[in-house]
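To keep things clear, I will list the structure first and then write my remarks on it.
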Protein chains: 4
Amino acid sequence: MANFGGHAIPGSFFLLYGFWLTVKRILQHYWRSNQPKGRQTLPPIFKRLDYIEGGLQVFAAFVGIMVEQFVVDGPHAQLYDKDSWVKLMNWQHSTMYLFFGISGIALILSTKFLLVPSGVGRLALSLALFVEGFLFYYHVHSRPLLDAHIHSLLLVAVFGGSASIMLEVFIRDNIILELFGACMFILQGSWFYQIGFVLYPLSGPDWNLTDHGNVMFVTMCFCWHLAVALLLVLFNFRSKGRDVEIGMRNTSSNSNSQKALLEESDEE
Amino acid sequence: MANFGGHAIPGSFFLLYGFWLTVKRILQHYWRSNQPKGRQTLPPIFKRLDYIEGGLQVFAAFVGIMVEQFVVDGPHAQLYDKDSWVKLMNWQHSTMYLFFGISGIALILSTKFLLVPSGVGRLALSLALFVEGFLFYYHVHSRPLLDAHIHSLLLVAVFGGSASIMLEVFIRDNIILELFGACMFILQGSWFYQIGFVLYPLSGPDWNLTDHGNVMFVTMCFCWHLAVALLLVLFNFRSKGRDVEIGMRNTSSNSNSQKALLEESDEE
Amino acid sequence: MANFGGHAIPGSFFLLYGFWLTVKRILQHYWRSNQPKGRQTLPPIFKRLDYIEGGLQVFAAFVGIMVEQFVVDGPHAQLYDKDSWVKLMNWQHSTMYLFFGISGIALILSTKFLLVPSGVGRLALSLALFVEGFLFYYHVHSRPLLDAHIHSLLLVAVFGGSASIMLEVFIRDNIILELFGACMFILQGSWFYQIGFVLYPLSGPDWNLTDHGNVMFVTMCFCWHLAVALLLVLFNFRSKGRDVEIGMRNTSSNSNSQKALLEESDEE
Amino acid sequence: MANFGGHAIPGSFFLLYGFWLTVKRILQHYWRSNQPKGRQTLPPIFKRLDYIEGGLQVFAAFVGIMVEQFVVDGPHAQLYDKDSWVKLMNWQHSTMYLFFGISGIALILSTKFLLVPSGVGRLALSLALFVEGFLFYYHVHSRPLLDAHIHSLLLVAVFGGSASIMLEVFIRDNIILELFGACMFILQGSWFYQIGFVLYPLSGPDWNLTDHGNVMFVTMCFCWHLAVALLLVLFNFRSKGRDVEIGMRNTSSNSNSQKALLEESDEE
């Protein structure tokens, strides 16, 4: 969808999902930190949230596919017509949505059934990002310099997120890894908006798509987005942490591990 | 073997092997999950299946090499004739089979002898895939666009499988990793068929090997194969899991770990 | 800053930081080795040093940004003027400093607050190096052969350090990894000086920027810098180790683990 | 040294070193497998062997550097003469030897001093291979097709070995990884011989350096070398294992773990 809206919609989704992951994982982290050593089971509320997350993924993927297919100038579920392919771009976007839908199914299955390991959801999410990047990669060739460059920077966020979430399959409950993955989603979301602003400016003149200065600025701008995403997650982490520590001071705790924690955080 | 059959035969082998790995590893996973904590030894049936698997690999590799060498237009074990190499393509295919044969030998040795660690079989299988991809990689240059592209997509499945199985040497008994490896074999098998259909269509006109639309479709089609392979493995996993859980409910179990498992799966 | 000083200043900073990391981490390693098994907490002096390190990073980053912006021919915080970007090079350098500043903030936060895991500082430092390499990578294109080559060798040290420090997030208290990271900082620092000497020679004729012999020499010279950095760290490690072992012999120790250590080091 | 001998000498060294590593590591593995669980210390003979290995590395590196420098047409320790570099090829080879020397020093230090972790030797060996590959990589450009290709295949063995030995720093006492590293040395050694035979044939006509068939053959031939190296290590492993198992049957053992081992190996 080659207009500003076509970049703002996925951008908003990825931003929201990134923030949602940040909040969920920080809460899980503080919950685990506050428990005595033996108990590691999360309360059922997290299970219910995972159902909702998985369900929303499946729903959004379904809506996305329907929109891509049955929009006015879409392929209307027709793949091949006479002697040429019909609207391959829409079909590729549908394929991307399909994988996010599969990721939602995997999340629900792994939450519901005890014997399906919880890493299945992560693997499917990582593959969904991989497929998104994979299709984008072959998308981008033979475009003007700035257009190709700004999309290839998107791939840094996409593949970075994919690799990070793939690692979560093997390294469990590592809060840094989990927040880095969330951070990559936020970066991807905000960068989608940036692409929209650059390629389809809402006001002012069009950007020169072959100017080297523009390429240099855009590269640097990507780093700024990364910095903002990092700082957002870092301060979100810290502010939630302060609430939790205050809560811990007010609660009378019996387990040794909690006492030790309190003592150390008091001495600061 | 530049015809449809030449792609369907390896495709069928990889498909079968992928399904076989899926079933074997799911059964092993549920067996391990049902055992009380201390006992991790698999029953002897799995040992016998590994002998059969290794033996079949050696046998298939031997037959493959013989066919490649002594087929009517093959090199008949002659490597160099007068001043040029004889049928290097057949020799390369023989080399690929050789490594799958070595992988079979390694599997048998590591199953039979206690002091040979079981990872040896995985390493050899991973190297067999690596060599296949390595030879294919230098195979593909200087072909028409679509031909080169469709083969390079095969490499994604080949090297993906190789990396995944290499990881299994270090990360043992991780069901997600094991099933991902099986998934890559299924993907490779089905993609061999797809290559056959595209390059040597059974009916209809030939594909335009230089059309960019065809390249875009083929890239997307590869993702569909991946989606089907993932869903096949996922639902296979789930359906086997249901049988096992039902079996567990009917059995009176004594160990605590099993009780806990039952309670949690009942509450769902 | 295209002169010798513009390379000597960052070079000195990286050299100093590399040596500082070497000393800090060797001391931490010997402290941990001398403790009986149970106690792993570092003494408060290390905490205070981390505050100072983080604070200096933030301060140096702030000064760096100010200098880049408000130097005589700098952009004076102006990004866009009429129809072109203003001094993008200075803006890119400011961006690099910004990330080292964020890394300092993350180090302080993770030292101060118990619930912020200590790996956050490492991740931020790794990302700061990644961003530095990332911006340099797009910097270097379209320069003369030797200029491009000598900067791309810098990237080996930058990305090597970034990867090594990223690994430290997951593999904690591994002295080899920690010293390798420090080594990459020393290498980067000394290579900055080398770049200065080659591109802006203090005396003698200019280097021929397109001569293949110069490229070959520079490649080899990079390896020499690596060798010197490795040997510096290795002998520093060894000499500190000797002091510690002598100290241990003079102290009467009660714990078994220390006794065993002494016996083994005596028998050498 | 552009002749057959110049490839046979390093080839012989790498072959010998690979076999030496194979034997040492298999013996260490069986020693560890035969010990009861608690005791993991290797007998002092292994310590002495490591001294010898390190010493030989330092000695060989020293001799190698001397030969490269003071051979008749060498640079005689002169780096720059008038306005050009002197014999950069010999200087690059000296640099490679230097790193193997450093690796020997690191091995001796980590064997001698308890507080220097044993992984330091592995890291230095891995870096020595990395530097070898790094210098070769820039060596190879702008040569005839076959010459460049046959050297870039060498890089597969060099970087494969470097990565494998780097992994050993983090994953200790994994016999598969250790033997794979040894295998890469054997492969590198035998491939040096192959390069000698192809580029400087002892008898018969010269190879056509631009023929695509030759490139295809050489690629396949590399896989054969790999297969031979793998089988050599695998059967070496197995045959040593048989001796050990026989030895274990003849010894009356008391520890449970040994009994269990014997029972299982008897039942085969």
Conditions (1) surrounded by 21 or more Cβ atoms within 10 Å (Cβ to Cβ); (2) without any contact (Cβ under 8 Å) to a residue 60 or more places away in the chain; (3) not acidic (D, E); number of the one not met by B:H141: (1)
Members of the range A:134-147 found to be within 18 Å of A:Q92 (Cα to Cα) and more than 10 Å from every other protein chain (Cβ to nearest Cβ), listed by number: A:F136, A:V140, A:R143
Candidate set from the range B:80-119 (those that are among the hydrophobic types (A, V, I, L, M, F, W, C) and more than 8 Å from chain D (Cβ to nearest Cβ)); member that is surrounded by the fewest Cβ atoms within 10 Å (Cβ to Cβ): B:M89
The range B:167-194 residues that are farther than 18 Å from B:N236 by Cα, paired with ones that are in a helix (DSSP H, G or I) and of a type in the set (D, E) (beta carbon under 7 Å, 6 or more apart): B:E168/B:E178
Flag for A:I150 being at pLDDT 90 or above, surrounded by 23 or more Cβ atoms within 10 Å (Cβ to Cβ), away from chain B (no Cβ under 11 Å) and more than 15 Å from the chain's Cα centre (by Cα): yes
Condition broken by D:I186, with the remaining ones in (1) of a type in the set (A, V, I, L, M); (2) within 17 Å of D:D147 (Cα to Cα); (3) modelled with pLDDT of 95 or more satisfied: (2)
Breaking point among (1) hydroxyl-bearing (S, T, Y); (2) surrounded by 21 or more Cβ atoms within 10 Å (Cβ to Cβ); (3) within 10 Å of chain D (Cβ to nearest Cβ), for B:T41: (2)
Counted residues, the range D:29-65 - those being assigned to a helix (DSSP H, G or I) and without any contact (Cβ under 8 Å) to a residue 60 or more places away in the chain: 19
Check on B:L179, surrounded by 14 or more Cβ atoms within 10 Å (Cβ to Cβ), in contact with a helix residue (DSSP H, G or I) (Cβ under 7 Å, 6 or more places away or on another chain), within 21 Å of A:L98 (Cα to Cα) and at pLDDT 90 or above: yes
Scan of the range D:94-118 for residues that are within 17 Å of the chain's Cα centre (by Cα) and closer than 17 Å to C:N236 by Cα, ordered by number: D:I102, D:S103, D:I105, D:A106, D:L107
Subset of the range A:195-232 [in contact (Cβ under 8 Å) with a residue 40 or more places away in the chain, assigned to a helix (DSSP H, G or I) and more than 10 Å from chain C (Cβ to nearest Cβ)]: A:I195, A:G196, A:F197, A:V198, A:L199, A:A229, A:L232
Some residue of the range C:66-73 being at pLDDT 90 or above, facing chain A (nearest Cβ under 9 Å) and either part of a strand (DSSP E or B) or surrounded by 13 or more Cβ atoms within 10 Å (Cβ to Cβ) (or both): no
Residue check, A:A157 among the small types (G, A, S) and at the interface with another protein chain (Cβ under 9 Å from one of its Cβ atoms): no
Residues of the range C:160-174 classified as outside any helix (DSSP H, G or I) and either within 14 Å of chain A (Cβ to nearest Cβ) or crowded, with 23+ Cβ neighbours inside 10 Å (or both), total: 2
Counted residues, the range B:44-65 - those being touching a helix residue (DSSP H, G or I) at 6+ places or on another chain (Cβ under 7 Å) and either among the charged types (D, E, K, R) or at pLDDT below 90 (or both): 4
Residue match in the range A:78-93 (condition: assigned to a loop (DSSP other than H, G, I, E, B) and either hydrophobic (A, V, I, L, M, F, W, C) or in contact (Cβ under 8 Å) with a residue 60 or more places away in the chain (or both)): yes
Complete set of residues in the range A:1-20 that are under 11 Å from the mean Cα position of the chain (by Cα) and farther than 16 Å from A:H151 by Cβ: A:S12, A:F13, A:L15, A:L16, A:Y17, A:G18, A:F19, A:W20
Whichever residue in the range B:120-130 is touching a residue at least 40 places away in the same chain (Cβ under 8 Å) and not aliphatic (A, V, I, L, M) and, among such residues, is nearest to the other protein chains (Cβ to nearest Cβ): B:R122
Count - residues of the range A:185-223 that are in contact with a strand residue (DSSP E or B) (Cβ under 7 Å, 6 or more places away or on another chain) and farther than 30 Å from A:F130 by Cβ: 1
Output for the range A:23-65, where each listed residue is in contact with a Ser or Thr (Cβ under 8 Å, 6 or more places away or on another chain) and closer than 18 Å to A:F113 by Cα: A:K47, A:D50, A:Y51, A:G54
Residues of the range C:200-235 that turn out to be aromatic (F, W, Y), closer than 27 Å to D:I105 by Cβ and surrounded by 13 or more Cβ atoms within 10 Å (Cβ to Cβ), as a count: 3
Positions within the range A:100-115 being out of contact with any Leu (no Cβ under 7 Å at 6 or more places or on another chain) and either touching a residue at least 40 places away in the same chain (Cβ under 8 Å) or charged (D, E, K, R) (or both), in sequence order: A:F100, A:G101, A:G104, A:I105, A:L107, A:I108, A:T111, A:K112
Selection from the range C:127-145 of residues that are touching a His at 6+ places or on another chain (Cβ under 9 Å), in a helix (DSSP H, G or I) and either on the phi > 0 side of the Ramachandran plot or hydrophobic (A, V, I, L, M, F, W, C) (or both): C:L135, C:F136, C:L145
Single match in A:A106, A:A148, A:A124 (criterion: in a helix (DSSP H, G or I) and out of contact with any helix residue (DSSP H, G or I) (no Cβ under 6 Å at 6 or more places or on another chain)): A:A148
Among (1) within 30 Å of D:W31 (Cα to Cα); (2) exposed (fewer than 13 other Cβ atoms within 10 Å of the Cβ); (3) of a type in the set (A, V, I, L, M) - the single one B:A77 does not satisfy: (1)
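The values are calculated or read from the model by the stated rules, or taken from the named source; none is laboratory data. Remember, it's a predicted structure, so these values are computed and weren't measured experimentally. When we count neighbours, we look across all protein chains shown, and the Cβ atoms used for this are built from the backbone with ideal geometry, even at glycine.
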